[in-house]
Amino acid sequence: MNVERLHRILIDLDQEIKLSKVTALLQQVQTHLQNLVSQPNQPTHQTNLVADLGKLYKALEQTEYNSYSPSWKEIISEISGENLFGIFLKKEIEQILSSNTITPAKALEDIKKIATDFQTFQIAIKNTLTGFKSLGIEEEDLEQGECELGYTIPRGYVENKLSELKNEINELNFILNNISEAVTGEKQEYKVKTISSSDFLFYIIISLQVADVLSKATERILNHYKQILEIKLLRNQLKEKGIPASKTKEIESHANGMMKDEIKAIAKEVIAKHYDGENGRKNELENGLIISLNKLANRIDKGFNVEIRVESLPEPEENEEQTTEYESKVELINSIKESSQNIEFIETGGESILKLSEKKAQ
């Protein structure tokens, strides 16, 4: 875990806890439950509980935590030990209350624990931030309008071998260059911002145009992969029961065909939107994009993870005229944020099923 990135996460989380007022709302819900246990025949306690539960649920639904990148959420989960934020916490509270409609005393006990854990963690965040400041540890952040790709290479996949890791970095560079060339007409030099995590997690600065295409493509690949994951599970179960590979080959072919068709559709749409040159070059770029997305899908199936984070531009000053360039960047940033929020880490598990071609068609 990178300490500068942890510093940045804790700053954002601390601000979000203050803005959302979840601590106070949890305390109010706890108080209403206590009153309900003490005076079960007093209807105002139930009314007050319902009202403040509504406020708490709304705060948890609207918190910025819900739009944090997968690796940020993973880091927060690691240091908190529980899902204390956002939609996760809302679902847990709903489960507690629905399971204890007849025994509010038990619900009170569970809510008390959540409130205590939440307050303890909030205090720990403040103390840690104070320590970081005293030690002079900077926070890692993106510049306004800057975008980063988070790309996780599992250690098991490269067997901790430097040569294999180097090969996978080259593959990532290949993927990004093909997307960049299809979108902007040229390749780019990519800068590594951070390397961290128990797996090899690279944070790489990429352009907004590349990020927009990559985030939308990854979102669509993941949505398709969720369907394939069910097929993969079925195939693996059949193999475990001793069904020979020859009998499960059709299942694999069907899964690969599904992803192959989706990736071809993505590539055609990207080229149609961004390329207006000669047909010969168009076909070459489309083929390169298909290969890159095939590589990406194959690796997601093997446990690789992708995430994209972008920093907003500053709001223009009052009466300041907005340029076309500014408006285009804002549109791109909003588009990236919308699609990147739907990118999640998926537990793939078991033998991989995707074997999409990673070579140019002859």
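The values are calculated or read from the model by the stated rules, or taken from the named source; none is laboratory data. This structure is a prediction, so every number in the text was calculated from the model and none was measured. Positions of Cβ are generated from backbone atoms using ideal geometry, with glycine treated the same way; all protein chains shown enter the neighbour counts. Quick note on the areas: whole protein, heavy atoms, side chains included, nothing else; ligands and nucleic acids left out. Shrake-Rupley method; radii C 1.70, N 1.55, O 1.52, S 1.80 Å.
Couple of notes before you dig in:
- FRET efficiency, 1/(1 + (r/R0)^6) with R0 56 Å, evaluated for residue 39 and residue 191 via beta carbons: 0.35
- For the pair residue 302 and residue 15, label points projected 7 Å from Cα toward Cβ lie 3.9 nm apart.
- Taking GluC sites (Glu not before Pro) across segment 294-351, the ones in a DSSP loop with at most 15 further Cβ atoms lying within 10 angstrom of their Cβ are 311, 317, 318, 320, 321, 344, 347, 351.
- Prolate/oblate/rounded label for segment 12-69 (Cα gyration tensor, a/c 1.5): prolate
- Rounded to the nearest 10 degrees, the angle from helix 104-135 to the longest Cα principal axis of the chain is 60 degrees.
- Amide hydrogen neighbours beyond the local backbone of residue 200, cut-off 5 Å, H modeled: 153, 155
- Accessible-area composition of the chain, carbon plus sulfur, in percent [1.4 Å probe]: 48 percent
- Assigned charges on the beta-carbon of Lys, Arg, Asp, Glu; segment 235-362 dipole about Cα centre (debye): 1580 debye
- In a DSSP loop and with at most 16 other Cβ atoms within 10 Å, the GluC sites (Glu not before Pro) in segment 147-188 are 159, 186.
- For segment 176-186, the Karplus equation 6.51 cos²θ - 1.76 cosθ + 1.60, evaluated at θ = phi - 60°, returns couplings of 5, 5, 5, 5, 4, 5, 5, 8, 10, x, 8 Hz by residue, with Gly and Pro reported as x.
- Inter-label distance, nm, simple model (7 Å from Cα along the C-beta direction), residue 330/residue 27: 3.9 nm
- Remark: the chain carries a charge dipole of roughly 1680 debye about the Cα centre, counting +1 on each Lys and Arg Cβ and -1 on each Asp and Glu Cβ.
- For the chain, the longest principal axis of the alpha carbon atoms and the long axis of helix 86-99 meet at an angle near 50°.
- Only Lys, Arg (+1) and Asp, Glu (-1) charged, at Cβ; segment 1-105 dipole about Cα centre in debye: 260 debye
- Paramagnetic reach from residue 123 in segment 18-41 [backbone N under 16 Å; point 7 Å along Cα→Cβ]: 23-24, 27
- Its residue count N sets the reference 2.2 N^0.38 Å, and the alpha-carbon radius of gyration of segment 206-362 equals 1.28 times that reference.
- The largest accessible area among 3, 50 belongs to the first residue in 50, 3, and the rest follow in falling order (1.4 Å probe, all chains).
- Were the residues from residue 116 through residue 261 laid out at 0.36 nm apart, the gain over their Cα-Cα distance would be 47.1 nm.
- Convex hull volume of segment 267-360 per residue (C-alpha atoms, cubic angstrom): 115 Å³
- Only one residue of 265, 345, 254 has its Cα farthest out toward the positive end of the dipole of segment 248-362, where Lys and Arg carry +1 and Asp and Glu -1 on Cβ, and that residue is 254.
- Taken over the alpha carbons of segment 102-215 as equal point scatterers, the Debye sum produces base-10 log I(q)/I(0) values at 0.14 Å⁻¹ of -0.80.
- Amide H contacts of residue 206 (H built 1.01 Å from N, under 5 Å, at least 5 apart or other chain): 147, 148, 149
- The chain: angle of helix 245-274 to the longest principal axis, Cα-based, in degrees nearest 10: 90 degrees
- Anisotropy class of the chain from Cα gyration tensor, a/c 1.5 cut: prolate
- Heavy atoms of residue 261 accessible to a 1.4 Å probe, total area in Å² rounded to 10: 100 Å²
- Positive end of the dipole of the chain (Cβ unit charges, origin at the Cα centre): among 115, 222, 144, the Cα lying farthest that way belongs to 222.
- Under the Karplus curve 6.51 cos²θ - 1.76 cosθ + 1.60, θ = phi - 60°, whole-Hz ³J(HN,Hα) for segment 351-356, x wherever Gly or Pro sits: 5, 5, 10, 7, 9, 6
- Springs between Cα atoms under 10 Å define the GNM used for the chain, and in it the highest mean-square fluctuation of 300, 333, 169 occurs at 169.
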